[in-house]
Amino acid sequence: MDKKGEFEVKVKRTRRYLQEKGLDGVYLKRRCNFTWITCGGDNRIVDHSEDGWSGVLITKKKAVLITDNTEMPRIVDEEIKGLPLKTCEYTWYKAELQDSIAKVCGSNNIACDIEIPGLKRLQQDFDRIQYQLTEPELDRFRDLGRLTSKVFTKIGGGIEPGMTELDVAAMISYELIRLNIKPHLILAAADRRISDYRHPIPTMHKISNYVMYVTVAVKWGLNLSITRFVHFGEPSAELKKKHNAIVNIDARLIHNTRPGSKITDIFRQHRENFAQYGYPDEWKNLHQGGSASYRIRDVKATPDTPASEVVLENQAYAWNPSIAGIKSEDTILVLKDKNEIISEDTGWPLVEVDVDGKKIKRPDILIK
């Protein structure tokens, strides 16, 4: 499937959504939705904003890029090349977006993923049509996983005692950005801060014996999560015990994430696995992850996740179970015949966990 074929699949999904909701069109301007419909295009200017500066209007018969005269040249040249999109341009200094949308559609019965006066707000259930990834999206996700995991292996080799957590964060940012990968999230913690905080924002705290580093890496709009640990000298018996527990718990999560499985059933077994390994309440201290694609998490698994939420074929998941001082996190693709861990790098030390006769590799602590 080429880029045009991928686009046509997504337009068909969108038009089915229009029919189900009784709409004449949807306007997609949020970065996650724009990137999805344009097969990896980027409409951002301001990094820390969910809204982009260009949008795509899908109607029952049309697919049109709508943007201002400032953005039109770059978007056409660099972001939508090869896509069968018509264009509609308005001037940046006039409030013409709403009029342009209505004019192209010929109706005000339009749902928008941003707030536009006089038009409907797109419901959150639109996200669901993005969950099952096309073959090109699966390949892009694999490329992102390969690149990011190699970066994390390289960083692990370069971390030394005396560095600060911010030094590690800077390494992550530099190595990813130079590959045109955006670090949407960076966490880093050294020594006791790993146990004290589940979401440790990097500080000037210096590394002594132990460091955790985390990112959500974004490219082509896809969100890939990964966590790694480096220890200087032999880890304590307590840390080894926790690590053995968490990789077994995580491996079972990965094993149970199969097409058709209910998230509620997976999570129920997950809680039992925490108890089995001697840490019955640790799951309460951090969200455990869930499905992921054009958002960091599409659906977070909780005890109250609706029973209607099931694992889909060709869906991505990023689980992140943790025990104070240790965590296990990678991104997987749930395929018809197997689960593929796409953020695994053979250059990183791995441990094999046997789950019902299947060997699942999980990252070990890198000991230096």
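No value in this document is a laboratory result; all are computed from the given coordinates. Only a predicted model underlies this, so the values are computations on that prediction, with no experimental measurement involved. Using ideal geometry, Cβ is built from the backbone for each residue, glycine included, and neighbour counts are taken over all protein chains shown.
Derived scalar couplings between HN and Hα for region 45-57 equal 10, 8, 4, 8, 9, 6, 8, x, 10, 9, x, 10, 9 Hz in order, rounded to whole Hz, by the Karplus curve 6.51 cos²θ - 1.76 cosθ + 1.60 (θ = phi - 60°), x for Gly and Pro.
Add +1 for every Lys or Arg and -1 for every Asp or Glu among the other residues with Cβ under 12 Å from the Cβ of Glu71, and state the total. Write out the running numbers ahead of the final one.
Working: positive: Lys29, Arg44, Arg74; negative: Asp42, Asp68, Asp77, Glu78, Glu79, Glu89.
With Lys, Arg at +1 and Asp, Glu at -1, the net is -3.
Protection proxy ranking, highest mean first, for peptides 224-231, 282-289: 224-231, 282-289, where packing is the per-residue count of other beta-carbon atoms within 10 Å, averaged. Can you tell me which aspartates and glutamates have their Cα less than 14 Å from the Cα of Lys10? Leave out same-chain residues fewer than eight positions away. Filter leaves Asp2, Asp127, Glu135, Glu137.
Magnitude of the charge dipole for region 135-367, about its Cα centre and with charges confined to Cβ atoms of Lys, Arg (+1) and Asp, Glu (-1), is about 180 debye.
If the chain linking Glu50 and Tyr93 were pulled fully straight, counting 0.36 nm for each residue of separation and taking away their Cα-Cα distance, it would gain 13.3 nm.
Once fully extended, how much extra length lies between Asn285 and Arg258, figured as 0.36 nm per residue of separation less the alpha-carbon to alpha-carbon distance? Walk me through the numbers before you get to the answer.
On the way: separation 27, 0.36 × 27 = 9.72 nm, distance 2.54 nm.
So the chain would gain 7.2 nm between Asn285 and Arg258.
The phi torsions of region 159-175, fed into the Karplus equation with coefficients 6.51, -1.76 and 1.60 and a -60° offset, translate into couplings of 6, 9, x, x, 5, 9, 4, 5, 4, 5, 4, 5, 4, 4, 4, 4, 5 Hz, rounded to whole numbers, with Gly and Pro shown as x. In this structure, the amide hydrogen of Asp191, modeled 1.01 Å from its nitrogen in the peptide plane, lies closer than 5 angstrom to those of Ser208, Asn209, Tyr210, Val211, Met212, counting only residues at least 5 positions away or on a different chain.
Over all other residues within a Cβ to Cβ distance under 11 Å of Ala102, the charged ones net out to -2, with Lys and Arg as +1 and Asp and Glu as -1. Given in Å, the Rg to one decimal and the Dmax to the nearest whole number for the Cα atoms of the chain are 22.1, 69.
Annotation: amide H of Leu185 within the under-5 Å range of Val216, sequence separation 5 or more or interchain, hydrogens built in the peptide plane.
When the listed pairs Lys284/Lys336; Lys61/Lys219; Lys262/Lys361 are checked against a 27 Å cut-off, the alpha-carbon distance exceeds it for Lys284/Lys336; Lys61/Lys219. Each residue of region 143-156 is assigned a 3J(HN,Hα), and the resulting list reads 4, 4, x, 4, 5, 5, 5, 5, 4, 5, 5, 4, 5, x Hz, derived from the Karplus form 6.51 cos²θ - 1.76 cosθ + 1.60 (θ = phi - 60°), x at Gly and Pro. Measuring between alpha carbons in the structure, the pairs from Lys154/Lys242; Lys81/Lys154; Lys29/Lys150 lying more than 28 angstrom apart are Lys81/Lys154; Lys29/Lys150. Please compute the net charge surrounding Val9, taking Lys and Arg as +1 and Asp and Glu as -1 over other residues with Cβ under 12 Å from its Cβ. Local charge sum for Val9: +2. In this structure the amide hydrogen of Val355, modeled in the peptide plane, comes within under 5 Å of the amide hydrogens of Ile360, none closer than 5 places in sequence on its chain.
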